[in-house]
1. Looking at (1) more than 29 Å from Val84 (Cβ to Cβ); (2) touching a His at 6+ places or on another chain (Cβ under 7 Å), which is the only condition Ile43 fails?
2. Evaluate the following for Leu353: is it assigned to a helix (DSSP H, G or I), among the hydrophobic types (A, V, I, L, M, F, W, C) and at pLDDT 95 or above?
3. Of the numbered conditions (1) at pLDDT below 90; (2) surrounded by fewer than 20 Cβ atoms within 10 Å (Cβ to Cβ); (3) within 22 Å of Ala117 (Cα to Cα), Leu225 fails exactly one; give the number of that condition.
4. Just checking, which of Ser96, Ser132 is buried (at least 19 other Cβ atoms within 10 Å of the Cβ), under 18 Å from Val30 (Cβ atoms), in contact (Cβ under 8 Å) with a residue 12 or more places away in the chain and not assigned by TED's automatic domain parsing to the domain that holds Leu216?
5. Assess whether Thr317 counts as being within 23 Å of Val463 (Cβ to Cβ), in contact with a helix residue (DSSP H, G or I) (Cβ under 8 Å, 6 or more places away or on another chain) and modelled with pLDDT under 85.
6. Scanning the range 173-222 for residues that are over 23 Å from Ala67 (Cβ atoms) and not in a helix (DSSP H, G or I), which turns out modelled with the highest pLDDT?
7. In the range 258-289, which residues are among the basic types (Lys, Arg) and surrounded by 18 or more Cβ atoms within 10 Å (Cβ to Cβ)?
8. Can you name the residue in the range 387-401 that is among the β-branched types (Val, Ile, Thr) and under 18 Å from Gly144 (Cα atoms) and, of all such residues, is farthest from the chain's Cα centre (by Cα)?
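The values are calculated or read from the model by the stated rules, or taken from the named source; none is laboratory data. Just so you know, these numbers come straight off a predicted model, no measurement behind them. For neighbour counting, all protein chains shown are included, and Cβ atoms are generated from backbone atoms with ideal geometry for every residue, glycine included.
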Amino acid sequence: MPSPITRLKASPNYKWWATTAMAIGTLITVADTGLVSVALPTIADRFDTDLPTVQWLATGYLVAISALLMPMGRLSDMIGRKRVYLWGLTVFTVASGLAALSPNLGMLIFFRFLQGAGLGMVQGNQMAIMTSIFPPEERGKALGIHMTMVGAALIIGPAIGGVLVDTLGWQSVFYVNLPLGVVCILPGLLVLEESRVTHRGAGSAHEGYDWAGAALSSMALLTFLLGMTNPWKWDSIYRSMLLVSSALSLGLFVAWEKRAKAPMLDVSLFKEAVFSLSVSARSIAFITSSTVLFLIPFYLQGVAGYSPGESGVIMTTVAFGMVVVGPLAGRYSDRFGWRPFNVGGAALSAGGLFILSRVDENSALALAMAGIIMQSCGMGMFTAPNTSSILSVVPKERYGVISGFVQLLRTGSNVTGIAISTVIIASTMRGQGFEPNLGSVSEGGDAAVASAFADGLKTVYLVMASIQLAAVALSLVKGGGVRVKSPAPQPAAPGAGGA
């Protein structure tokens, strides 16, 4: 008698069983961001630190994820997506337990960085696995399901995080990942079948790993993010040197990839208008959206006076659009094309950010929630169709590295958005004679400090709303045709995907 797992793998509904296994992993790993986001004000108060320092619990985590997304995506294309995915979940789970035991902020940031390294392996594979188990004509549906899980995680994360911090303290947001990590690993181990989630093209088994490309891409990314975030508070000349180093590394990476026999990233894809413009619009959209999840908890707790638990419940509205609008946009973009969803979503997000730019210490909660929900609906409408447009010109055996690249755009843009918003708020607060100390903001004891923070917040969202309009323009310019209908996993011809 075949075992239940064997029968499951042979079932005509296998794609739905595999989707369930991936959905559990996506739900739990993405929820971690919201868990820790709600805990940041409490952690800042516990270690008596300022905004530029505590941001490294967010940015250090994202730096680690970003540095490994493409290398791990490419590695998974070669040795198997299931294998790399499960390794990443294991690293993430172990690092979570160690983070909870951290005696000081430095150790906490280090283990948070290690958590991010594990998730770099996970997130470099999630989208590739999801799109591999569905036929090409259902790519939007697969990405819509992925968006639903991301959105649900962003609801669950802040809500659970707020309750945990209120009742058990900040360490609990890390301890909870120990049992949840096991819940992620077991379904993936039992259900996922390597031959179905990893598609190797002709000769791919004999391709070498592009170590030089991996090193150069990581160097370009790390020096850029360090220059943007300035964790050691270096003078501007040293930050400028880091950014110049990043530009040089990026140039060397592109030059190397053009001549490499088995490149990390096929840079010729950027000749496709759909690919290059979709990538640009995606980067802008995530730069602007990152500021909502990072800054709004500080506004709610430090300016509006809500508790961590209440703040967590309010922050669940961040994911409203992803859960409700995301799957619908993914499904209908298969039928009607990407352009109306990309343009409409980018415009809706810009409107939500503009509403947030009107929020201050005297505003009603309804105004902030309206801005959050509108921005969330915009991102839900935009993200899955945008991803589908990028993947439409990519051969299936390269989904791993391109999915890693797509996720890299998200995490790298998130770090950039957090860094820009931190600089704006810190400059505003210092200009009014206050240090940007998050302990003071989260305690909510000084009305003048809270007012200065709120002024900086308004400036951030006015800037972000303006930047987001560029994503609207790029989405208008790029082709928005219906997906490529051929299921063959060969590279798309020039102009494929409705350019």
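1. Among (1) more than 29 Å from Val84 (Cβ to Cβ); (2) touching a His at 6+ places or on another chain (Cβ under 7 Å), Ile43 violates only (2).
2. yes
3. Going through the list (1) at pLDDT below 90; (2) surrounded by fewer than 20 Cβ atoms within 10 Å (Cβ to Cβ); (3) within 22 Å of Ala117 (Cα to Cα), Leu225 breaks only (2).
4. Of Ser96, Ser132, the one residue that is buried (at least 19 other Cβ atoms within 10 Å of the Cβ), under 18 Å from Val30 (Cβ atoms), in contact (Cβ under 8 Å) with a residue 12 or more places away in the chain and not assigned by TED's automatic domain parsing to the domain that holds Leu216 is Ser96.
5. Spelling it out, Thr317 is indeed within 23 Å of Val463 (Cβ to Cβ), in contact with a helix residue (DSSP H, G or I) (Cβ under 8 Å, 6 or more places away or on another chain) and modelled with pLDDT under 85.
6. Within the range 173-222, the match that is modelled with the highest pLDDT is Val176.
7. Arg282
8. Result: Ile390.
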